[in-house]
Amino acid sequence: MNSSANKTASIASQGFGGRGDRIMSRVVFCVAVTGIVVLIFILGFLVANGLPVLESTSLGEMFFSKDWYPTEEPPALGMAALIAGTLAATVLSSVMAIPVSIALAIFSAEIAPRKVRQFFKVLFEMLGFLPSIVLGFIGMMIIAPWMQVAIGIPSGLNLLNSSILLGFLIIPSVASLSDEALAAVPGELRDASYALGATRLETIFKVVFPSALPGIIAATLLGVMRALGETMVVLMAAGGAAILPTMFTDPIRPLTSTIAAEMGETPVGSTHYHALFFAGLILLIMTLAINLASLYIEKRGEKR
């Protein structure tokens with residue numbers, strides 16, 4: 001009896017908290033520390049190369065002036081138009097894509113038969129890995145010419161075109177993560193709702209959806225972050241004009257496409273060079289803020 005108990009205790013100690021678990025725990029800890037160190041290095045690199053631009057201009061001029069002429073003497077380094085273009089494309093694409101993503105997730109997780117849900121899961125995964133340059137080509141070769149003819153505008157490379165493509169880019173990831181959040185709601189909640197006489201739609205929208213809401217919001221913020229940091233689509237389809245957009249058909253020049261288009265031809269150590277790093281620092285702060293909001297919402301959901 002004692003021998004059997006000792007064997008059971010030995011197996012339990014090896015399965016949980018044994019040597020293998022301790023090694024894996026240390027590996028995970030080392031990888032996490034490495035990731036934090038890399039993030040601190042990137043932040044320090046951006047700060048070291050971005051802050052010197054403040055010796056040539058002020059924060060007020062950079063954030064509130066719309067004149068972006070970094071190669072002139074003296075250079076004009078106003079980023080208001082670049083920041084406005086970034087925010088406009090992010091907000092418009094999110095407004096178009098997030099309702100579609102959530103509707104797809106609800107259909108996939110709660111309404112579709114099992115085989116259809118599996119098909120949707122595979123489809124979301126495949127579309128999530130679609131190279132953004134492919135979408136950029138579609139925007140340049142198909143959507144832009146169609147937009148010129150259909151709307152009667154001088155150029156189809158504009159805010160609306162790039163937002164449509166960004167929306168298509170974020171739909172798979174938001175839909176897939178929202179689907180997982182809905183599927184993770186315990187079945188007992190659905191059974192209790194049906195037992196009380198609720199219909200299927202009432203159960204979905206009054207029981208399942210509120211329970212999965214923190215996960216859905218976190219998925220939505222991750223999608224917004226993807227749209228904010230995307231480069232290739234806006235570089236190819238946004239028009240590239242550093243102006244404050246007043247209409248959906250105005251061309252824009254977001255921060256990401258500005259960095260990608262100008263960094264390769266900028267002399268190292270110049271004011272223009274430091275201004276581009278400062279633009280990268282602004283983007284990093286924006287994405288970190290959204291990431292922290294996502295983590296906060298997830299934590300609140302766990303407490304519930």
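The table below gives the values:
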| item | result |
| --- | --- |
| Residues that are within 30 Å of LEU222 (Cα to Cα) and in contact (Cβ under 8 Å) with a residue 12 or more places away in the chain, drawn from the range 50-63 | GLY50, LEU51, MET62, PHE63 |
| Residues of the range 244-288 that turn out to be within 20 Å of LEU92 (Cβ to Cβ) and at pLDDT 90 or above, as a count | 18 |
| Criterion violated by VAL224 - all others in (1) in a helix (DSSP H, G or I); (2) without any contact (Cβ under 8 Å) to a residue 40 or more places away in the chain satisfied | (2) |
| ALA275 being hydrophobic (A, V, I, L, M, F, W, C) and open to solvent by 30 Å² or more (accessible area, probe 1.4 Å) | no |
| Sole exception among (1) over 26 Å from the mean Cα position of the chain (by Cα); (2) open to solvent by 70 Å² or more (accessible area, probe 1.4 Å); (3) farther than 19 Å from ALA279 by Cβ for GLY20, by number | (2) |
| Number of positions in the range 119-131 that are open to solvent by 50 Å² or more (accessible area, probe 1.4 Å) and out of contact with any Pro (no Cβ under 6 Å at 6 or more places or on another chain) | 8 |
| Test: residue in the range 132-149 that is open to solvent by 40 Å² or more (accessible area, probe 1.4 Å), touching a residue at least 40 places away in the same chain (Cβ under 8 Å), touching a helix residue (DSSP H, G or I) at 6+ places or on another chain (Cβ under 8 Å) and assigned to a loop (DSSP other than H, G, I, E, B) | no |
| Scan of the range 154-167 for residues that are open to solvent by less than 30 Å² (accessible area, probe 1.4 Å) and either of a type in the set (Val, Ile, Thr) or in a loop (DSSP other than H, G, I, E, B) (or both), ordered by number | GLY156, ASN158 |
| Pick from the range 64-101, criterion touching a Ser or Thr at 6+ places or on another chain (Cβ under 8 Å) and without any contact (Cβ under 8 Å) to a residue 40 or more places away in the chain, ranking: farthest from PRO172 (Cα to Cα) | PRO74 |
| Tabulated pairs, the range 237-256, first at positive phi, second of a type in the set (Lys, Arg) and open to solvent by 30 Å² or more (accessible area, probe 1.4 Å), C-beta under 7 angstrom, 6+ apart or interchain | GLY240/ARG253 |
| Residue selected from the range 82-107 under the condition among the small types (Gly, Ala, Ser) and buried (at least 24 other Cβ atoms within 10 Å of the Cβ), by the criterion nearest to LEU182 (Cα to Cα) | ALA105 |
| Unique residue being aliphatic (A, V, I, L, M) and touching a strand residue (DSSP E or B) at 6+ places or on another chain (Cβ under 9 Å) when the list is ALA241, ALA261, ALA293, ALA279 | ALA241 |
| Single condition VAL116 does not satisfy, out of (1) more than 16 Å from ALA238 (Cβ to Cβ); (2) assigned to a helix (DSSP H, G or I); (3) of a type in the set (Val, Ile, Thr); (4) open to solvent by 70 Å² or more (accessible area, probe 1.4 Å) | (4) |
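The values are calculated or read from the model by the stated rules, or taken from the named source; none is laboratory data. None of the values given here were measured: they were computed from a predicted structure. Glycine gets a Cβ as well: all are built from the backbone with ideal geometry, and neighbour counts include every protein chain shown. Just so you know, the surface numbers come from the protein's heavy atoms only, side chains and all, with ligands and any DNA or RNA stripped out. Shrake-Rupley method; radii C 1.70, N 1.55, O 1.52, S 1.80 Å.
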